[in-house]
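Here the structure is laid out as structure tokens; the discussion comes afterwards.
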Amino acid sequence: MTLALGAPHHVATTVQILVGLTVLAAAPAILLMMTSYLRIAVVLAFLQQALAVGTALPNAVLSGLALFLTGIVMAPVLHAVYATAYLPMAAGKIGLQSALAAAQVPMRAWMEAQVNPKDLLLFEHLRHMTPTAPKAVPFFVLVPSFVVSELTEAFRIAVMIYIPFVVVDLAVQSILLSAGMLMLPPTLVSTPIKILLFLVSGGWPLLVGSLVRGFRP
């Protein structure tokens with residue numbers, strides 16, 4: 001009889017544990033989507049494809065570079081979160097809920113500076129909300145608006161990266177066809193040319209500097 005009465009409590013506890021573990025597993029990905037990592041990682045992935053270097057440029061290296069650049073961009077925001085949320089909570093002045101609310105303030109301010117008003121308006125319409133100022137928008141509306149804005153900006157940068165390399169691919173393919181070298185893979189010739197073009201134009205410093213400076217403070 002005791003087991004039968006206690007069963008619902010055990011089931012509820014098990015469900016809570018599963019939900020908690022799921023949230024903890026997804027938390028890093030969710031947090032990264034709220035930072036500059038999203039745009040940087042997408043642009044670097046497009047660069048890898050545009051250069052056609054494949055595994056010569058490992059994903060782990062690109063992810064590590066994206067994380068370091070994210071740290072540079074987000075340093076002021078993280079410092080504000082540390083000072084206004086973590087330190088008071090560690091000192092016992094505020095609780096966890098108050099710390100989360102305090103940490104949300106600098107994150108909101110930074111995301112509001114990056115988000116496109118059109119994307120914000122779109123998600124407000126999807127939620128059947130009356131358009132309001134960005135500061136009054138709920139957090140669950142601001143985050144997807146920010147993600148869409150970052151993806152749009154990343155794709156815009158990717159197009160600018162792709163165009164010169166597509167021109168190189170077309171030129172190499174035309175030359176090989178004119179010379180009758182039909183059996184020679186165009187990528188075998190175009191890839192070294194694209195890498196050389198990228199290096200001569202100061203590719204890495206130019207790309208990294210543009211990505212970091214592209215975020216509004």
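Screening residue 11 with (1) assigned to a helix (DSSP H, G or I); (2) more than 21 Å from the chain's Cα centre (by Cα); (3) modelled with pLDDT of 75 or more gives one miss only, at (3). Taking the residues in the range 137-194 that are of a type in the set (S, T, N, Q) and either touching a strand residue (DSSP E or B) at 6+ places or on another chain (Cβ under 7 Å) or surrounded by fewer than 12 Cβ atoms within 10 Å (Cβ to Cβ) (or both) as candidates, determine which candidate is modelled with the highest pLDDT. By that ranking, first place goes to 174. Before we move on, is residue 197 touching a residue at least 24 places away in the same chain (Cβ under 8 Å) and not basic (Lys, Arg)? Yes, satisfied. Select from the range 30-47 the residues that are in a helix (DSSP H, G or I) and touching a residue at least 40 places away in the same chain (Cβ under 8 Å) and write down the one among them that is nearest to the chain's Cα centre (by Cα). Once the filter is applied, the top-ranked residue is 38. Filtering the range 143-150 for residues that are farther than 30 Å from residue 49 by Cβ and touching a Phe, Trp or Tyr at 6+ places or on another chain (Cβ under 6 Å) leaves an empty set. In summary, residue 55 fulfils each of the numbered conditions (1) β-branched (Val, Ile, Thr); (2) in a helix (DSSP H, G or I); (3) farther than 30 Å from residue 190 by Cα with the single exception of condition (3).
The values are calculated or read from the model by the stated rules, or taken from the named source; none is laboratory data. Predicted model only: the values in this text are computed from it and were never measured. All Cβ positions, glycine included, derive from the backbone under ideal geometry; neighbour counts span all protein chains shown.
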